[in-house]
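In what follows, a structure is listed as structure tokens, so that the remarks can point back to it.
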């Protein structure tokens with residue numbers, strides 16, 4: 001029997017402890033813990049890796065702290081356009097959606113593309129039409145709206161910039177006293193103290209049979225235009241899984257992850273250079289740094305090893321291995 005393992009991320013970028021309140025840090029850690037627990041209970045009970053990564057990502061999509069699902073940022077036109085992908089390391093089948101709207105959990109839709117169609121990637125109106133046929137759960141625009149996200153858009157528009165999830169120093173400093181985590185608008189005062197924003201989410205897992213899976217979901221970039229799509233829904237760029245090597249989910253400046261074919265690059269370094277998981281993942285992140293890319297990735301192999309390298313100031317991340325000990329980190333520390 002193989003060693004089970006699960007790792008998740010909630011975005012990488014300029015995440016500084018000096019800009020984080022204790023209450024907000026606790027909310028991030030609780031959000032990551034909830035996602036880890038959702039996936040881990042499946043693996044612990046003999047469930048498969050696909051179900052585990054889906055469950056973990058759904059929890060992150062439902063949490064307005066993270067830029068995916070409910071917490072998705074706004075496009076230039078004031079809309080929410082979401083991307084997601086999933087890959088099965090056993091069959092090497094994959095499914096993805098891009099620029100979907102009003103879908104509560106895009107990762108569920110990506111899995112249906114993988115399992116119910118002969119395609120890999122569906123986008124825009126067609127993806128939403130498929131969601132309707134599959135009776136996937138949807139929500140109106142108000143479900144995805146928060147004042148904080150909208151202020152991000154207005155500031156980005158005013159500055160004439162397309163903004164990464166973890167761009168530095170654009171938040172309003174106005175203060176509020178509400179703190180009900182069930183109301184996404186109540187997060188505004190705590191989020192507005194940060195010098196970084198919330199990010200793409202993802203999960204990778206190894207189940208008891210040694211089967212790997214990866215899943216990634218995002219709301220994209222604030223103020224994005226012209227139907228911009230990043231690495232998240234692109235298999236090999238933002239997501240990849242193969243039982244013979246590893247499962248990978250990426251987060252960061254998507255254009256560079258596309259150029260580097262970053263998710264597949266980790267697997268390729270294991271396959272062709274005979275590197276172990278940690279060596280391969282670290283080399284991929286160093287390669288990204290060399291071409292100007294910022295971000296990180298999470299990866300797991302069929303022996304239950306995990307790697308979580310990044311080249312930014314921080315990355316929301318967590319993992320559990322067969323020993324059953326849960327680790328959750330946010331800032332840069334020794335070994336990352």
Original post:
Within the bounds of the stretch 222-229, is there any residue that is within 18 Å of the chain's Cα centre (by Cα), modelled with pLDDT of 95 or more and closer than 25 Å to residue 64 by Cα?
Top reply: no
**OP:** Answer yes or no as to whether residue 256 is modelled with pLDDT of 95 or more, in contact with a strand residue (DSSP E or B) (Cβ under 8 Å, 6 or more places away or on another chain) and either surrounded by fewer than 24 Cβ atoms within 10 Å (Cβ to Cβ) or under 20 Å from residue 203 (Cβ atoms) (or both).
**Re:** yes
Original post:
For the stretch 262-277, how many residues are over 23 Å from residue 207 (Cβ atoms) and either touching a residue at least 40 places away in the same chain (Cβ under 8 Å) or crowded, with 19+ Cβ neighbours inside 10 Å (or both)?
Top reply: 3
Subject >> Checking residue 93 against (1) over 21 Å from residue 212 (Cα atoms); (2) surrounded by fewer than 22 Cβ atoms within 10 Å (Cβ to Cβ); (3) touching a helix residue (DSSP H, G or I) at 6+ places or on another chain (Cβ under 6 Å), the condition it does not meet >> reply: (1)
Subject >> Filter result for the condition that a residue is without any contact (Cβ under 8 Å) to a residue 24 or more places away in the chain, on the phi < 0 side of the Ramachandran plot and either in a helix (DSSP H, G or I) or crowded, with 22+ Cβ neighbours inside 10 Å (or both), over 55, 7, 12, 35 >> reply: 55
Subject >> Failed item, numbered, when residue 27 is tested on (1) part of a loop (DSSP other than H, G, I, E, B); (2) surrounded by fewer than 23 Cβ atoms within 10 Å (Cβ to Cβ) >> reply: (1)
Original post:
If we scan the stretch 216-226, do we find a residue that is touching a strand residue (DSSP E or B) at 6+ places or on another chain (Cβ under 7 Å), within 15 Å of residue 6 (Cα to Cα), touching a residue at least 24 places away in the same chain (Cβ under 8 Å) and surrounded by 24 or more Cβ atoms within 10 Å (Cβ to Cβ)?
Top reply: yes
Original post:
Out of all the residues in the stretch 292-336, which are within 16 Å of the chain's Cα centre (by Cα) and over 30 Å from residue 259 (Cβ atoms)?
Top reply: 328
Subject >> helices (runs of 4 or more DSSP H) enclosed by the stretch 66-169 - at least 1 residues per element that are on the phi > 0 side of the Ramachandran plot and modelled with pLDDT of 95 or more >> reply: 124-133
Subject >> residue 280, sole failed condition from (1) surrounded by 24 or more Cβ atoms within 10 Å (Cβ to Cβ); (2) more than 17 Å from the chain's Cα centre (by Cα); (3) not in a helix (DSSP H, G or I) >> reply: (3)
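The values are calculated or read from the model by the stated rules, or taken from the named source; none is laboratory data. Note that the structure is a prediction, hence the values are computed from the model and not measured. So basically every Cβ, Gly included, is an ideal-geometry build from the backbone, and we count neighbours across all protein chains shown.
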